[in-house]
1. Suppose R0 equals 41 Å. What FRET efficiency, 1/(1 + (r/R0)^6) with r the Cβ-Cβ distance, do LYS94 and ARG67 give to the nearest 0.05?
2. What is the order of VAL48, VAL89, fewest Cβ neighbours within 10 Å to most?
3. For each of LYS42, LYS94, LYS58, count neighbouring Cβ atoms within 10 Å of the residue's Cβ, then give the residues from fewest to most.
4. Any idea how far apart GLU86 and THR47 come out in nm if each label point goes 7 Å out from Cα toward Cβ?
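Bear in mind that the values in this text are calculations on the coordinates, not laboratory data. Every value quoted in this text rests on a predicted model; they were computed, and no experiment measured them. In this analysis, Cβ positions are derived from the backbone assuming ideal geometry, glycine residues included, and neighbour counts consider all displayed protein chains.
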Amino acid sequence: MDIKGNSLFAQMQSMAVEATGNRQTEIRQVNKSSEDFGNMFKQALDTVNGIQKDAGAKTTAFEMGDRSITLAETMIARQKAGVAFEATVQVRNKFVEAYKEIMSMPV
């Protein structure tokens, strides 16, 4: 998912530009911090994706009869993936709530 291509991100950036009064130095600072946040968020999503891929690989290996993977390892990996995904969904829900709250603020 490309954060910069997201319409929510574009709207938030345009609101930040309006709030700073179009001053170039402040705009650069806003863009830098949003890039840092975008990178951090992308890394978190990549980590969750990696955990899910690992769980899938262990599950497949166990189902195919690989004796080096135990049932316990497989179940633990799947639980980790489930917890990571649920946490990601909760973070997304908080972002949506924050966006709605910002959009409902009077200008």
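1. Details: r = 43 Å, r/R0 = 1.05.
That pair, LYS94 with ARG67, gives E of 0.45.
2. VAL89, VAL48
3. In order of increasing Cβ crowding within 10 Å: LYS94, LYS42, LYS58.
4. 1.8 nm
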